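Here's the structure we're looking at; comments come further down.
Read-outs throughout are calculated quantities, based only on the coordinates presented, and are distinct from any laboratory measurement. Remember, it's a predicted structure, so these values are computed and weren't measured experimentally. Positions of Cβ are backbone-derived with ideal geometry, glycine not excepted, and every protein chain shown enters the neighbour counts.
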Amino acid sequence: MGLEKVLEAGLLREYVGSTILPGGLMVPHPRDQHLDPEYPEVAKIFYLDPPLIVENDEKVKVMVLLLSHTNENHLKVLAELVRHFRQGQFRELLERGSSIEDLLANLNS
């Protein structure tokens with residue numbers, strides 16, 4: 001699935017219901033049946049510069065897009081992402097625009 005299609009899926013999810021969290025973090029999570037069943041989940045981080053301006057003039061600086069094509073995997077990965085977002089250190093890393101290496105090190109610690 002190409003980058004444009006991935007971003008489109010994420011933004012279309014926002015029309016269903018907002019996934020914006022405090023601090024300028026958006027977590028759209030549409031399910032997509034076009035994903036390879038061998039790799040059922042994809043989580044992609046986009047640092048938005050300039051920020052995306054959404055309703056109420058809120059600025060979205062980070063979009064973490066989760067794609068999955070099965071309900072079970074979708075909910076499992078979404079719950080795991082939410083658990084990490086609640087951790088102050090992981091959120092701070094996202095808000096600072098940290099590298100994928102730093103984010104993965106935090107997730108694996």
Separation in nanometres of the label points that stand 7 Å from Cα toward Cβ, at residue 95 and residue 43: 1.9 nm
Among 52, 11, 65: highest mean-square fluctuation, GNM of the chain, C-alpha pairs under 10 Å: 52
FRET efficiency, residue 56 to residue 84 (Cβ-Cβ, R0 30 Å, nearest 0.05): 0.70
Nitroxide proxy distance, nm - points 7 Å out along Cα→Cβ at residue 4 and residue 103: 2.4 nm
Under 16 Å from residue 61, Cα to Cα: lysines that are on another chain or at least 8 residues apart: 44
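Rounded to the nearest 20 Debye, what is the dipole magnitude of the chain about its Cα centre when Lys and Arg each give +1 and Asp and Glu each give -1 at the C-beta? Write out the running numbers ahead of the final one.
On the way: 11 positive and 17 negative charges, 54 e Å.
Roughly 260 debye for the chain.
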